[in-house]
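Here the structure comes first, spelled out in structure tokens, and everything after it is commentary.
Read-outs: derived from the displayed coordinates by stated rules, not from any lab. In this text the structure is predicted, and so the values were computed from the model without any measurement. Glycine gets a Cβ as well: all are built from the backbone with ideal geometry, and neighbour counts include every protein chain shown.
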Amino acid sequence: MPLYEHVFLARQDLSQAQVDALAATATEIVESNNGKVTKTETWGLRSLAYKIQKNRKAHFVMLNIEAPGDVIAELERQTQINEDVIRYMTVRVDEHEAGPSVMMRKNDRERTRRREREGE
């Protein structure tokens, strides 16, 4: 079955619970169409390089998906309709990354550096 990474950006004024609900909805869409979400990562509220629909920040969420192409088409269709999602991108990959993604490792590295600086 083809593998995909689906990343979406949610509006900055949403609560974390609402962002989690959006991820759960996406997972439900995939699983109701015989697909499987193998991993969900919430990267948190991050600054954008430029304003998108008057938002300077956005909640980033990534889903690793195993599903046929028509399931991805339906997921993207539903995502486009949702007003809380300001951008999304789905990429087909050869294999999913084991462990945390690059973005999660980057967050851990930044936290470690901050702690080291504060400890000096």
Note to self, the chain gives a 222 nm [θ] from helices alone (DSSP H runs n ≥ 4, -39500 (n - 2.57) apiece, / all residues, nearest 500) of -13500 deg cm²/dmol
How far, in nm, would the chain grow between residue 50 and residue 103 when pulled straight, counting 0.36 nm per residue and subtracting the alpha carbon separation?
17.2 nm
Rounded to whole Hz and in sequence order, give me ³J(HN,Hα) for the range 81-91 from the Karplus expression 6.51 cos²θ - 1.76 cosθ + 1.60, θ = phi - 60°, writing x for Gly and Pro.
6, 5, 6, 7, 8, 9, 8, 8, 8, 10, 10
Identify the residues of the range 38-52 with backbone N under 17 Å of a label point that sits 7 angstrom from the Cα of residue 1 along the Cα-to-Cβ direction, or state none.
38-40
Counting only pairs 8 or more residues apart or on different chains, how many lysine pairs in the chain have their Cα atoms under 25 Å apart?
4
Would you tally the net charge around residue 30, using a Cβ to Cβ cut-off of less than 10 Å, leaving residue 30 out, and scoring K and R as +1, D and E as -1?
-3
Sorted peptide list for 4-13, 71-80, 41-50, criterion being average Cβ within 10 angstrom, highest first:
4-13, 71-80, 41-50
Taking the Cβ-Cβ separation of residue 73 and residue 15 as r and a Förster radius of 30 Å, what is the calculated FRET efficiency to the nearest 0.05?
0.55
Calc'd 3J(HN,Hα), the range 33-42, phi into Karplus 6.51 cos²θ - 1.76 cosθ + 1.60 (θ = phi - 60°), Hz, glycine/Pro = x, comes to 10, 6, x, 9, 9, 8, 7, 10, 10, 9
Go through (i) 27, 19, 11; (ii) 30, 13, 11; (iii) 22, 15, 13 and flag the label whose value is the computed semi-axes √(5λ) of the Cα gyration tensor in Å for this structure.
(i)
